[in-house]
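The values are calculated or read from the model by the stated rules, or taken from the named source; none is laboratory data. Note that the coordinates shown come from a computational prediction; the quantities given were computed from them, not determined experimentally. Please note: Cβ atoms are built from the backbone with ideal geometry, for glycine as well, and neighbour counts cover all protein chains shown. For the accessible areas, the whole protein counts, side chains as well, though only heavy atoms, and no ligand, DNA or RNA atoms are used. Shrake-Rupley method; radii C 1.70, N 1.55, O 1.52, S 1.80 Å.
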Amino acid sequence: MATTFTRLNPAGQDRHALIDFMTRNEFLFHGRPHPTAADVATSISEGAYRDEDNDSFWVDHSELGRIGFLRLEDLSDRSPLFDLRLDGPVRGRGLGVEILRAATTYVFDTMPDVTRFEGQTREDNIAMRKTFVRCGWLKEAHYRDGWPVAGGAPMASVAYSILRRDWESGHTTTFIWDDLVDS
């Protein structure tokens, strides 16, 4: 199986397909789980999907076709983030590891100044958190009550990253969480 990324043109030929994708799916673990067509159109107009700091791609699978959406954010930084959204019918098939590995390779292969690649998710998104770990990413932060939840109590936002040197070597470097415990 092979995952590839097709750069999309959100303000042009891909506008309607992007609005359709974002509005026909529920994204429970995202800040806006049910974006409206107006929400997506406004985000497109504001450059959220393509500008100097953001770029967006369709996620294509060799056997399943178009399966999702990937946005790279904070591209002017040496440590960009990503937003990954899978189409409802393909969720739960274990595709996350393949997609995250392909995204990591894409970032480090095409962006030579990037030294670190980061992602965040809600604490209850266990599938994504396990995907990060399986791909050699390291948990770096646990922001308590850092993820607003519409109609509910805030949840923790959990941040993971991979360093270029770890990706190149295949070995995840760690650190001591409680380094000041005995001081």
From the Cα gyration tensor of segment 1-47, with a ≥ b ≥ c the square roots of its eigenvalues, which class applies: rounded if a/c is under 1.5, or else prolate if a/b is larger than b/c, or else oblate? oblate
Whole-Hz Karplus ³J(HN,Hα) for segment 79-94, in order, using 6.51 cos²θ - 1.76 cosθ + 1.60 and θ = phi - 60°, x for Gly and Pro? 9, x, 10, 9, 10, 10, 9, 9, 5, x, x, 9, 5, x, 9, x
For segment 52-159: Kirkwood Rh in Å [reciprocal of mean 1/r, alpha carbons]: 14.8 Å
In percent, what relative contact order does segment 15-140 have, based on Cα pairs under 8 Å that are 6 or more apart in sequence? 18 percent
Reference-scaled alpha-carbon Rg (2.2 N^0.38 Å with N residues) for the chain: 1.05
Please work out the average accessible area per residue across segment 70-137, using the 1.4 Å probe convention, and give it in Å². 46 Å²
Show that you can apply the helix-only estimate: for the chain, add -39,500 (n - 2.57) for every DSSP H stretch of four or more residues, divide by all residues, and state [θ] at 222 nm to the nearest 500. -8000 deg cm²/dmol
Taking one equal scatterer on every alpha-carbon of segment 74-124, how large is log10 of I(q)/I(0) by Debye at q = 0.16, 0.24, 0.27 1/Å? -0.54, -0.99, -1.11
For Pro112, net neighbour charge (Lys/Arg +1, Asp/Glu -1) across residues whose Cβ lies under 15 Å away: 0
